[in-house]
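I have placed the structure first, in the form of structure tokens, so that the comments after it can refer back to it.
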Amino acid sequence: MKIISITLLITVALICLSLGVDILLGITLKDALIDAVSPLRVMESIELIIFLLYLLLVIIPPVYSFFKRKWRNRMN
């Protein structure tokens, strides 16, 4: 669970940094948000699938181990 929260925290921090730099450069907030998600819009379908599989690879093992420990503690 720590890995997921750290990953999300770093992701949010980097997005905020990117938006902040765009705003300091004089780009409006709307355009900065569009720029933040534009790499996802130009991806081809196979690239999106690989991206989602990578995210699942990062998220599923910690979630599985968390529920496995909970289940083990419940049985004892």
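The values are calculated or read from the model by the stated rules, or taken from the named source; none is laboratory data. Note that the coordinates shown come from a computational prediction; the quantities given were computed from them, not determined experimentally. Using ideal geometry, Cβ is built from the backbone for each residue, glycine included, and neighbour counts are taken over all protein chains shown. Accessible surface areas use protein heavy atoms only, side chains included; no ligands, DNA or RNA. Shrake-Rupley method; radii C 1.70, N 1.55, O 1.52, S 1.80 Å.
A few notes on this one:
- Of the residues making up the stretch 3-26, one or more are touching a helix residue (DSSP H, G or I) at 6+ places or on another chain (Cβ under 6 Å), at pLDDT below 85 and in a helix (DSSP H, G or I).
- Cβ separations smaller than 9 Å between residues 6+ apart or across chains give the following pairs from the stretch 47-76 residues that are modelled with pLDDT under 85 to residues that are open to solvent by less than 100 Å² (accessible area, probe 1.4 Å): L48/L40.
- Long-range neighbours under 9 Å by Cβ, at least six apart or interchain, first residue touching a residue at least 12 places away in the same chain (Cβ under 8 Å) within the stretch 22-39, second of a type outside the set (K, R) and in a loop (DSSP other than H, G, I, E, B): D22/T28; A32/L25; D35/I27
- For the stretch 27-44, a residue qualifies if it is in a helix (DSSP H, G or I) and at pLDDT below 85, and the qualifying residues are D35, A36, V37, S38, P39, L40, R41.
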